[in-house]
Structure formats: C-alpha cells, structure tokens
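> Got a structure here, written out as structure tokens. Questions coming.
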Amino acid sequence: MTHHIKIRHDGAVLEIVFARPEKKNALSNAMYRSAIEALDSAHRDATVRVVLLSAEGDAFTAGNDLADFASAASGTGEALQAPHFIAVLARTEKPIVAAVPGLAVGIGTTLLLHCDLVYLSDTARLSTPFVNLALVPEAASSLLLPARIGYLRAFALFALGEGLSAAEAVALGLANKVLPKEELLGAARETAHALAARPLGSLIATKRLMRDGERILAQIDRENASFKERLQTPEAREAFTAFAERRQPDFTKLKS
C-alpha cells in the first residue's frame, strides 16, 4: 500500500485520505490500487458502516497523474487503474461522505457524483477539463452530471473546461454545504458518525432505490471503451506532448 494513501479507522468510519499534497494529490496507479483495497476492505468489514474520503493539503486532487496517462497513451506503461477504482466506488453500498478541501479536477469532481454527502471548503473549485486533454468524461459523469445540473452546464464543464466555485457547486446540487477550510473535516467526520448511527440496512436499501446501479455501471463501461480509444489518437498524443513541453497544444491540423 502506497504511503500516498492513508487509512484511518475511527469507530465505524473508515477514512481514505489522499496524501500526496506536494503533487496536489494527483492520483497515481499505486494510489488507486490502495484506495481500491481500502474500499474492498470496507465492504467486507462488518464494523465499517461509513466511508469518508478526504485529503491532505490545499487540494482534494488535481486528477489523474498525467505521467500515467502519457505512459498509457504511448503504450509504455501499465493499464490505468482509475476505471477499476471508479467501478468499485460505484458498487460501494455503504454511505460515502466526501470532504473536499480545495481543487478537485477531473476525477476529483466526477468521483463526487458517487458520494452520498459532499462537503466543500470555501476555497474548493471543481472542474472536468477532459476535452482539453483530447479525452472523454469518465465515472459515468456523462450520464450523472447532465442529470444533476442539465445538459448545457454539463457540456460547458466538459468541453470548455469551465470550473465551479464551491458556492456554485452547492447551488447546482453537486454538494451539500460550504464550510471554512478549518471546519471542513470536523463537520464531515461528525456527519459520517451520524450516518454510522443510523440503521445500515435501511441506508443501503435507500441508496439502491435512489441510484440505477446497472445503468451507471453500463455507462462506465461505455466511457472506458471510448477513453481507451481516445488515448491512442493523435489528439491525445499532442495533448500530452504539449503538457510535457509546457506549451499550448495545437489540435487544429489533426484528424479526430
């Protein structure tokens, strides 16, 4: 298990902490594997009743580690673990609470669509700039985000890379509450423990009724197939090359 994921047991609450603040908690394959293991453990462990996702530093996560993306796009690295993590998260029946202390980019935003309660710091900013990298949305966000905030706003987030402030995210129904950063984790932990005191069977049944699990997982599969195809395109190679060379990509002369 990588030291960039920390696991804390607090009574009936299992906290999974993104702990790579020097990289804005960019999620590597190793971090995904550790998070998957923790979620699987939470599923099997009858003493765990609630999962809490949090992060160290001033960011929730800057998204996927682009070095892993670039390796996958070039065919020189291992397969991306993000799709497996998302599928496990989507199948998690126990309640999930998220405490977002700051920047949440890409999967940092889309994973929140699989959380049951979301708390944001007043410095948080959410964005899903997949098209900027010549990619497509993931985590069933192409289904869940338009359903939550409407097609036009969702398309702007995906295609233009527009971000949302914490207050905007709450107004659109993407989060429950905005809090000062110093109060965020304490409030999220308090809520997690309040959920843990509720009847777990009832919570699980309620979550099943509110979410179309089969449709969500089917959409994840569709997105993953398109994502893999997009990683091999000239557009994606240009995006990652430009990132490595610290320049703006030029997609205008490339075939889609």
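> Identify the single condition in (1) assigned to a helix (DSSP H, G or I); (2) of a type outside the set (Ser, Thr, Tyr); (3) out of contact with any Ser or Thr (no Cβ under 6 Å at 6 or more places or on another chain) that Val118 does not satisfy, given that it satisfies every other one.
Among (1) assigned to a helix (DSSP H, G or I); (2) of a type outside the set (Ser, Thr, Tyr); (3) out of contact with any Ser or Thr (no Cβ under 6 Å at 6 or more places or on another chain), the lone unmet condition for Val118 is (1).
> Got at least one residue in segment 167-190 being within 30 Å of Ala134 (Cβ to Cβ) and acidic (Asp, Glu)?
Just the residues of segment 167-190 that are within 30 Å of Ala134 (Cβ to Cβ), to begin with: 168-169, 172-175.
Checking which are acidic (Asp, Glu) leaves us with 168.
Yes, segment 167-190 has at least one match.
> Cβ-Cβ below 9 Å, separation at least six or inter-chain, first residue in segment 87-100 and surrounded by fewer than 23 Cβ atoms within 10 Å (Cβ to Cβ), second assigned to a loop (DSSP other than H, G, I, E, B): which pairs?
Leu89/Cys115; Leu89/Ala139; Ala90/Ala139; Ala90/Ala140; Ala90/Arg211; Lys94/Val48; Lys94/Arg49
> I would also like to ask the following. What's the number of the condition Gly150 fails, among (1) in contact with a strand residue (DSSP E or B) (Cβ under 8 Å, 6 or more places away or on another chain); (2) farther than 30 Å from Gly186 by Cα; (3) not aromatic (Phe, Trp, Tyr)?
(1)
Yes/no per residue for (1) closer than 22 Å to Phe158 by Cβ; (2) among the polar types (S, T, N, Q):
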{"site": "Arg33", "(1), (2)": "no, no"}
{"site": "Ser54", "(1), (2)": "no, yes"}
{"site": "Pro83", "(1), (2)": "yes, no"}
{"site": "Thr109", "(1), (2)": "yes, yes"}
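> Return only the number of the condition from (1) at pLDDT below 95; (2) over 25 Å from Leu14 (Cα atoms); (3) in contact with a Gly (Cβ under 8 Å, 6 or more places away or on another chain) that Thr128 does not satisfy.
Here Thr128 clears every test but (1).
> Right, another one. Of all residues being in a helix (DSSP H, G or I) and in contact with a Ser or Thr (Cβ under 6 Å, 6 or more places away or on another chain) in segment 163-184, which is surrounded by the most Cβ atoms within 10 Å (Cβ to Cβ)? Just the residue, please. Working first, answer last.
Kept after step one, since they are in a helix (DSSP H, G or I), are these residues of segment 163-184: 166-171, 181-184.
When the remaining residues are screened for being in contact with a Ser or Thr (Cβ under 6 Å, 6 or more places away or on another chain), the result is 181, 184.
Working: Lys181: 15, Leu184: 23.
The residue in question is Leu184.
> Right, another one. Could you tell me whether any residue of segment 89-97 is within 15 Å of the chain's Cα centre (by Cα), farther than 21 Å from His193 by Cβ and in a strand (DSSP E or B)?
no
> Do any helices (runs of 4 or more DSSP H) lying entirely in segment 188-256 carry at least 1 residues that are modelled with pLDDT under 90, and which ones are they? Walk me through how you get there before you give the answer.
Values: elements: 200-210, 213-231, 234-244.
Ranges flagged: 213-231, 234-244.
> Continuing with this model, one more query. Could you check, for segment 214-225, whether at least one of its residues is without any contact (Cβ under 8 Å) to a residue 60 or more places away in the chain, under 29 Å from Asn132 (Cβ atoms) and among the acidic types (Asp, Glu)?
Yes; the residues of segment 214-225 include at least one that is without any contact (Cβ under 8 Å) to a residue 60 or more places away in the chain, under 29 Å from Asn132 (Cβ atoms) and among the acidic types (Asp, Glu).
The values are calculated or read from the model by the stated rules, or taken from the named source; none is laboratory data. Quantities reported herein were computed from a predicted structural model and do not represent experimental measurements. With ideal geometry, Cβ positions are generated from the backbone for all residues, glycine too; neighbour counts draw on all protein chains shown.
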